[in-house]
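Engineer: My structure is below; once you've seen it, I'll send some questions.
The values are calculated or read from the model by the stated rules, or taken from the named source; none is laboratory data. Since we're looking at a predicted model, the values are computed, not measured. Positions of Cβ are generated from backbone atoms using ideal geometry, with glycine treated the same way; all protein chains shown enter the neighbour counts.
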Amino acid sequence: MSTDARSTTAADAKRDWDERIYRRTETGGGSDIQLPAPDDVTAEPGCGHIALRWRPVAGAAGYIVSRAESPDGEFVVLDHGNSDVPASPDPWYSDAVTEPGVAYSYRVQASPSPDLQPGPPSAVVSAAATDEVVEPITVEVDAATTTGALQRVWEMVGSERLSQLWLKSDDNGNPVAEEFDTALRRAHDELGVRRVRAHAIFHDDVQVLTWPEGGKPAFDFAGVDRIVDQVISTGLRPVLELGFMPRDLASDASKTCFQYEGIVSPPKDWQVWADLNGALAAHLVERYGIEDVATWGFEVWNEPNLEVFWTGTKAEYLRLYELAAHAIKAVDARLLVGGPATAASEWVEDICAYCAEHDVPLDFVSTHTYGNAPVDVHPSLRRHGFEDAEVWWTEWGVGHTHFHPVHDTAFAAPFVLHGFKSAQGRVDALAYWVVSDHFEELGRPPKLLHGGFGLLTVGNLRKPRWWAVSLAAEQGDAVLASTVTGDGAQTLVESWATKHDDGTVDVLLWNVCPDASQFAGRPDLDRWVTVTVSGLGAGVYDGRLARVDNARSSIDVHVDPDTVWPDEDEWQRLHEVDQLHEEGLDVHLDENGQVTAIVDLPMPGIARLRLTPRG
């Protein structure tokens, strides 16, 4: 498919999502949180982009960058091309949607929370992009200096409804249950994933509640047991999303969402809702043991700030949360319960304030974002006394629209690494949404490469972003000191260096711009990177170079654009080429005990240098 055709398809998908699905129930409440304008804002000209930097603001969840054609022109918020949250968590940004030689003006605002009013704008800065690299990129790694421990935030992954484990095949003959089970096992075995979060443990296909006319409600968790038993057999543990509303408990069973018709109305009897959650928690503890179940997680509902997922009000959602949280904690205080599981990072301030005022448990705050690194919600937690609560982003990905080509291409791979590194120290779990293209919100996949959300295709071919998670998971636990300088340093090109117990050093490099509209790649954003690793000491090292970009470790390169579903021979060929690209790298220690390598790094692209001590 041509770049123009892909762009048209992406625009249509996003417009459909925004107009038909992504409508808000309620925005965040009023707030008197006042943040100052960022200072020390600079705009640096670079080849194909303009790099913006500023001083961090205490209490900020993120920063909103706006651009105008002149210092006194109309400023428009930059939305990263496909992001539901414009605020960036880091104090820098690269504007790559520019014309060389044309000056643009910028200002930055600090945001206390994505759905609250940001602070005043900074002073205006201006710059123009160039058509030549201003300064070469240099990465320096000190293998003798450790700066901290790696935080494996990717050990939770998102998933379509777990009842897919019961489905035999879809309309195209693809074996859903078999491939979905394999996808979960691969996530555990290859990526080190430990927990899976999925929709709808209360969906009517699981049949947890029946309430005959004139009778009493009855609970039955046989379907839950069947799902949990199989999940545990994969090595994973579930995060149970407490939704949708069982038909016999719903105040309006006609209100449903998506192809699977999850019921999204509030309960007709709030006490029965509480009883259902308490009974589920008690049953799971009795069946699986508190030591195990205490590591899982109970998440109340999904995206109640969107009309498609919740017909009630924000106040009704907070009541839904309160009743479920108290009922679950009454079973055992060690059980983990959290929310609000909102889209676009909203209502975090609201749930923290509500739980503090009404003495409601909040073990973890969960929310979602797409097309951006997750913002920092700790300011909201601190403001309301929940400093010890964990932060779980139970949905996160490169784009929030179905059938967008960015989901199948290499751009998502460095996006993943940027998110994982950015989240270090402020996020406990960052669950990529989702593990498999076996997904049914708007219907089953119509073809192999259809812009699906999965890390794996139907048929379990690894997409480029699978390799990104794999490379992150293969790192050592000790983070090494590293610096990046040059044209695009830290705004396009980043590094992440770690050390293993056996002395192996991994240096991850990636190049990606924040704007997903550039997913097809841009030659003017490609870079050559000189990498120097010092502090290795005496010895002999073997070198390997792994790559993920538009030409390497990208399954879409091997699929004919006209392919709908491969035949048997084509499936076999695709599985044979489904490999991470690796090559040997000549490495030599100089007299100072350091190694130097020069690597070409396209945008989008990843390179991993691995130095292994021989013997």
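Engineer: Can you pull out the residues in region 394-446 that are of a type outside the set (Ser, Thr, Tyr), touching a Phe, Trp or Tyr at 6+ places or on another chain (Cβ under 6 Å), in a loop (DSSP other than H, G, I, E, B) and more than 24 Å from Phe298 (Cα to Cα)?
Structural biologist: Val398, Gly399, Phe411 - these are the residues of region 394-446 that are of a type outside the set (Ser, Thr, Tyr), touching a Phe, Trp or Tyr at 6+ places or on another chain (Cβ under 6 Å), in a loop (DSSP other than H, G, I, E, B) and more than 24 Å from Phe298 (Cα to Cα).
Engineer: Let me ask another. Would you confirm whether or not region 308-324 contains a residue that is under 30 Å from Pro514 (Cβ atoms), in contact with a Pro (Cβ under 8 Å, 6 or more places away or on another chain), modelled with pLDDT of 95 or more and among the β-branched types (Val, Ile, Thr)?
Structural biologist: no
Engineer: In region 157-171, is there at least one residue being over 30 Å from Gly486 (Cα atoms), without any contact (Cβ under 8 Å) to a residue 60 or more places away in the chain and of a type in the set (Ser, Thr, Tyr)?
Structural biologist: Yes, region 157-171 has at least one match.
Engineer: Follow-up. Quick one: in region 213-229, which of the residues that are surrounded by 11 or more Cβ atoms within 10 Å (Cβ to Cβ) and of a type in the set (D, E, K, R) is farthest from Leu165 (Cα to Cα)?
Structural biologist: Top of the filtered list is Asp220.
Engineer: Working carefully through the options Ala315, Ala373, Ala327, Ala356, find the one that is outside any loop (DSSP other than H, G, I, E, B), crowded, with 19+ Cβ neighbours inside 10 Å and either small (Gly, Ala, Ser) or free of Cβ contacts under 8 Å to residues at least 12 places away in the same chain (or both).
Structural biologist: Ala327
Engineer: Report yes if Lys329 is under 23 Å from Ser254 (Cβ atoms) and of a type in the set (D, E, K, R), otherwise no.
Structural biologist: Taking the combined requirement at face value, the residue does not satisfy it.
Engineer: Please determine, by comparing only the residues of region 585-603 that are modelled with pLDDT of 95 or more and out of contact with any Leu (no Cβ under 9 Å at 6 or more places or on another chain), which one is surrounded by the fewest Cβ atoms within 10 Å (Cβ to Cβ).
Structural biologist: Ile598
Engineer: For residues in region 396-432 being surrounded by fewer than 24 Cβ atoms within 10 Å (Cβ to Cβ) and of a type in the set (D, E, K, R), which is farthest from Lys463 (Cα to Cα)?
Structural biologist: Among residues in region 396-432 that are surrounded by fewer than 24 Cβ atoms within 10 Å (Cβ to Cβ) and of a type in the set (D, E, K, R), the one farthest from Lys463 (Cα to Cα) is Arg426.
Engineer: Among the residues that make up region 157-165, is at least one of them of a type in the set (Ser, Thr, Tyr), buried (at least 18 other Cβ atoms within 10 Å of the Cβ), closer than 20 Å to Gly297 by Cα and not assigned by TED's automatic domain parsing to the domain that holds Gln579?
Structural biologist: yes
Engineer: Can you tell me which residue is nearest to the chain's Cα centre (by Cα) among those in region 76-111 that are in a loop (DSSP other than H, G, I, E, B) and under 13 Å from Arg53 (Cβ atoms)?
Structural biologist: In this case the residue turns out to be Asp90.
Engineer: Conditions: (1) buried (at least 23 other Cβ atoms within 10 Å of the Cβ); (2) outside any strand (DSSP E or B). Val65 meets all but one. Number of the miss?
Structural biologist: (2)
Engineer: In region 484-533, how many are under 25 Å from the mean Cα position of the chain (by Cα), under 25 Å from Ala43 (Cβ atoms) and of a type in the set (Ser, Thr, Tyr)?
Structural biologist: 3
Engineer: Same structure, new question: Output the number of residues of region 570-585 satisfying the condition of being within 16 Å of Asn460 (Cα to Cα) and either outside any helix (DSSP H, G or I) or acidic (Asp, Glu) (or both).
Structural biologist: Looking only at that region, the number is 5.
Engineer: Still on this model: Output the residues belonging to region 298-312 that are buried (at least 22 other Cβ atoms within 10 Å of the Cβ) and hydrophobic (A, V, I, L, M, F, W, C).
Structural biologist: Once the filter is applied, which keeps residues that are buried (at least 22 other Cβ atoms within 10 Å of the Cβ) and hydrophobic (A, V, I, L, M, F, W, C), region 298-312 yields Phe298, Val300, Trp301, Phe309, Trp310.
Engineer: In contact with a helix residue (DSSP H, G or I) (Cβ under 6 Å, 6 or more places away or on another chain) and assigned to a loop (DSSP other than H, G, I, E, B), is that true of Ala253?
Structural biologist: yes
Engineer: Taking the condition of being surrounded by 18 or more Cβ atoms within 10 Å (Cβ to Cβ), under 24 Å from Asp506 (Cβ atoms) and of a type outside the set (Gly, Ala, Ser), how many residues in region 551-584 meet it?
Structural biologist: Final tally of qualifying residues: 3.
Engineer: Anything in region 189-212 that is surrounded by fewer than 21 Cβ atoms within 10 Å (Cβ to Cβ) and farther than 21 Å from Phe258 by Cβ? List them, or say none.
Structural biologist: Listed by number, the residues that qualify are Asp189, Glu190, Gly192, Arg194, Arg195, Thr210, Trp211, Pro212.
Engineer: Now a separate question. Looking at Ala123, Ala144, which one is assigned to a loop (DSSP other than H, G, I, E, B), surrounded by fewer than 18 Cβ atoms within 10 Å (Cβ to Cβ) and of a type in the set (Gly, Ala, Ser)?
Structural biologist: When all the criteria are applied, what remains is Ala123.
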